[in-house]
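Notes follow the structure.
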Amino acid sequence: MSTIAVAGLGDVAKYVVEELNALSLPLKIILLSRESRPWFDQQPNTIFRKTDYSVESLVKHLIDVDVLICLIHSNDHFYNDVHEAMISACKASPKCKRFIPSECGGDIEKFPQHPEFYVPTHGAIRTLLEEQNDIEYTLFNQGWFMDYFISGDRSYLKRILPVWPLDLEQQTIRIPGTGNEPITFTSARDTGKALARLATTNTKWVKYIYIAGETTTWNNVVKLIEKIYPDKKLKITYKSLEELEQDRAQHLNDKDPSQLWLAFMDLWNATGASAVPMNKVEEQRKKYFPDIHFSNIEEYITTAEKANHII
């Protein structure tokens, strides 16, 4: 029996836990968090372990764990503190030598500087992992979550307007860049499936693993949305790369970082940094995910429209 630990009991973790159970393998799922969560308490094959994310606490909780998946997202030092502690705990663990840190970005090889708030957090942890040889790890990325296209009662993920540029209710879209830059979209369900496969495979991980439901452009997204919803005519506004750089400069010293972070995410779109390398996606699908069908946007929205439940 394998034991998989999932740290950070947020929305994406729900998909990972469901997909680990869907594998029908003899698994034990350890849930690591500062507090238990009602949804997770009801899931089969799970054991909750309360942690303050100190090295001492994590070493104790990883004693029987084979693989650790971290899904904690934070744009401040908490991200660094937690990941540094997890790396130290895995090094000290007699068993837990496979670690998937929290990434969920785009092409971080070609664009390690985007989104910019990842540089002091994710960037520092990437360096720390690269400098050690005790732990096998992979940096897992999938672009945008496709879930933001659908109604909030069809996905575990919460809405993130205005960071997500498309507002279907208001029939508006705010496109960063020209709209012709490549953008990758993947559903959280398919992300959960892929992480579940990685956590249970004996195949050695490569340093960077990418998945994709579809890589397209925002301009093509507009055409697709208007095809799926013929009664909707989106009002489009564009912001050039130059304007986005001006937004970044204007908000660089704001006490409230929300507008700066929005500029960082817009630049992530406008530079093409959210698009994962499709040559690696195709190669890695064959290696790690041969049995997963990754939904494209039209398939995903159509499924959601027909469903009356979380997909």
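Does Arg174 satisfy the condition of being of a type in the set (Lys, Arg), touching a strand residue (DSSP E or B) at 6+ places or on another chain (Cβ under 9 Å) and at pLDDT 95 or above?
Answer is yes for this residue.
With respect to Ile297, is the statement that it is crowded, with 17+ Cβ neighbours inside 10 Å and in contact (Cβ under 8 Å) with a residue 40 or more places away in the chain true?
Taking the combined requirement at face value, the residue satisfies it.
For region 46-83, which positions are within 23 Å of Ala196 (Cα to Cα) and of a type in the set (Asp, Glu)?
Asp64, Asp66
Scan region 227-241 and give yes if some residue there is out of contact with any helix residue (DSSP H, G or I) (no Cβ under 8 Å at 6 or more places or on another chain), farther than 30 Å from Tyr137 by Cα, surrounded by fewer than 17 Cβ atoms within 10 Å (Cβ to Cβ) and among the hydrophobic types (A, V, I, L, M, F, W, C), otherwise no.
Looking through region 227-241, none of the residues is out of contact with any helix residue (DSSP H, G or I) (no Cβ under 8 Å at 6 or more places or on another chain), farther than 30 Å from Tyr137 by Cα, surrounded by fewer than 17 Cβ atoms within 10 Å (Cβ to Cβ) and among the hydrophobic types (A, V, I, L, M, F, W, C).
Can you list the strands (runs of 3 or more DSSP E) lying wholly within region 145-212 that have 3 or more residues being crowded, with 19+ Cβ neighbours inside 10 Å?
172-176, 183-186
Taking Asn279 as meeting all but one of (1) farther than 25 Å from Leu139 by Cα; (2) free of Cβ contacts under 8 Å to residues at least 12 places away in the same chain, write down the number of the exception.
Just one mismatch for Asn279, condition (1).
Pull up region 22-55, narrow it to residues that are buried (at least 17 other Cβ atoms within 10 Å of the Cβ) and within 21 Å of Asn202 (Cα to Cα), then point me to the one that is farthest from the chain's Cα centre (by Cα).
The extreme case among them is Leu27.
Take Ser88 and tell me if it is modelled with pLDDT of 95 or more and polar (S, T, N, Q).
Yes.
What are the residues in region 302-311 that are over 19 Å from the mean Cα position of the chain (by Cα) and either surrounded by 15 or more Cβ atoms within 10 Å (Cβ to Cβ) or not in a loop (DSSP other than H, G, I, E, B) (or both), if any?
Thr302, Thr303, Ala304, Glu305, Lys306
Restrict the check to region 149-163 and report whether at least one residue is small (Gly, Ala, Ser) and under 27 Å from Leu244 (Cβ atoms).
Scanning region 149-163 turns up no residue that is small (Gly, Ala, Ser) and under 27 Å from Leu244 (Cβ atoms).
Kindly establish whether Phe99 is aromatic (Phe, Trp, Tyr), under 27 Å from His293 (Cα atoms) and assigned to a helix (DSSP H, G or I).
Here the answer is no, as Phe99 does not meet what is asked.
Residues checked against (1) surrounded by 22 or more Cβ atoms within 10 Å (Cβ to Cβ); (2) touching a residue at least 40 places away in the same chain (Cβ under 8 Å); (3) among the basic types (Lys, Arg):
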position	(1), (2), (3)
Asp66	no, yes, no
Ser74	no, yes, no
Phe78	no, no, no
Val82	yes, yes, no
Ala92	no, no, no
Phe99	yes, no, no
Leu129	no, yes, no
Gly143	yes, yes, no
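Any residue that is within 22 Å of Ser151 (Cβ to Cβ) and β-branched (Val, Ile, Thr) - is there at least one of those in region 209-218?
yes
Only residues in region 200-219 that are free of Cβ contacts under 8 Å to residues at least 60 places away in the same chain count as the first member; pair them with residues that are in a loop (DSSP other than H, G, I, E, B) and surrounded by 15 or more Cβ atoms within 10 Å (Cβ to Cβ), Cβ under 8 angstrom, at least 6 apart or cross-chain, and list the lot.
These pairs meet every condition: Thr217/Gly179; Thr217/Glu181; Thr217/Pro182; Trp218/Pro165; Trp218/Gly177; Trp218/Gly179; Trp218/Glu181; Asn219/Gly179.
Somewhere in region 106-129, is a residue in contact with a helix residue (DSSP H, G or I) (Cβ under 6 Å, 6 or more places away or on another chain), farther than 27 Å from Ala85 by Cβ and assigned to a loop (DSSP other than H, G, I, E, B)?
No, the conditions are met nowhere in region 106-129.
Going by the conditions given, is Ser24 of a type in the set (Gly, Ala, Ser) and modelled with pLDDT of 95 or more?
So Ser24 fails the test.
Looking at region 253-290 only, could you name the residues that are β-branched (Val, Ile, Thr) and either surrounded by fewer than 17 Cβ atoms within 10 Å (Cβ to Cβ) or part of a helix (DSSP H, G or I) (or both)?
Val281, the sole residue that qualifies.
The values are calculated or read from the model by the stated rules, or taken from the named source; none is laboratory data. What you see is a predicted model, and the numbers here were worked out from it, not measured in a lab. Using ideal geometry, Cβ is built from the backbone for each residue, glycine included, and neighbour counts are taken over all protein chains shown.
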